[in-house]
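Below is one structure, written out as structure tokens, with a few remarks after it.
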Amino acid sequence: MSVRKTLLNIGFYGLAATITAAAILIGMAECYHWSLNLTTCMPVGFYQRGPAPKHLKVGDRVFFCPPVNSPAMKQAMSGLWLEYAPRGKWACADHLMPFMKEVVALPGQKVTITKSGVIANGKRLPNSRVVTRIEDGKLKVIHLPYRTYTVPKGMFWDYAQGNFAYTSAYYGPIPIANILGSVRPVPWLTIPGSQFWLKVSKR
């Protein structure tokens, strides 16, 4: 057998194996209710969706429909910073993909936004300093004013540790009714540290 034919066979079987593995992974994702996260909010990889928490608590990881009426969200949508879902896939307004974040404050609890980061219930959240400008400082990013907030009744405050994670520090607290379910990472199918891959100058 010639070298050329051998290489062609290797390429063919390699492609077939890749397609087969992808098909198996897609099938497992459908069967086990997995979602693929490619954002910098949480580590890149697969997360298993579950029912919404019956009693929401700090530390829960949830996916939810984002708000669309705040100035920050309008800026994000007009700037095409967000992901959109195929029509009919999710019930979120304006066909936005659900957000996946961690709950850090519940109704009645305090959150303070400072220039050095966000403090929730007296605990400083890692890597939470808001980005104020992007595009080499040319575009000002809308975020909530620096001050202390009390989470209103029926709402929660979200957070994600990744670089340039778009959180409640920009668009405000989220109605608990917007929660679609809970999420947890699928073991061995997420990449630790990948939420820090995107480098953003935090001005």
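Some values worked out for this structure:
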{"quantity": "Pairs from Lys115/Lys138; Lys110/Lys138; Lys110/Lys140; Lys54/Lys115; Lys74/Lys101 whose Cα-Cα separation, in the structure shown, is over 29 Å", "calculated": "Lys110/Lys138; Lys54/Lys115"}
{"quantity": "Sorted by Cβ neighbour density within 10 Å, fewest at the top, the residues Asp136, Asp60, Asp94", "calculated": "Asp136, Asp94, Asp60"}
{"quantity": "All aspartates and glutamates inside 13 Å of Lys57 as judged from Cα atoms, apart from same-chain residues fewer than 8 positions distant", "calculated": "Glu102, Asp158"}
{"quantity": "Chymotrypsin sites (Phe, Trp or Tyr not before Pro) restricted to DSSP loop in segment 119-185 with at most 16 other C-beta within 10 Å", "calculated": "Tyr146"}
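The numbers here are math on the coordinates, done by the rules we state, and not lab data. It should be emphasised that the depicted structure is a prediction, and the values quoted were computed from it without experimental measurement. Don't worry about glycine lacking a Cβ; one is built from the backbone with ideal geometry, like all the others, and counts go over all protein chains shown.
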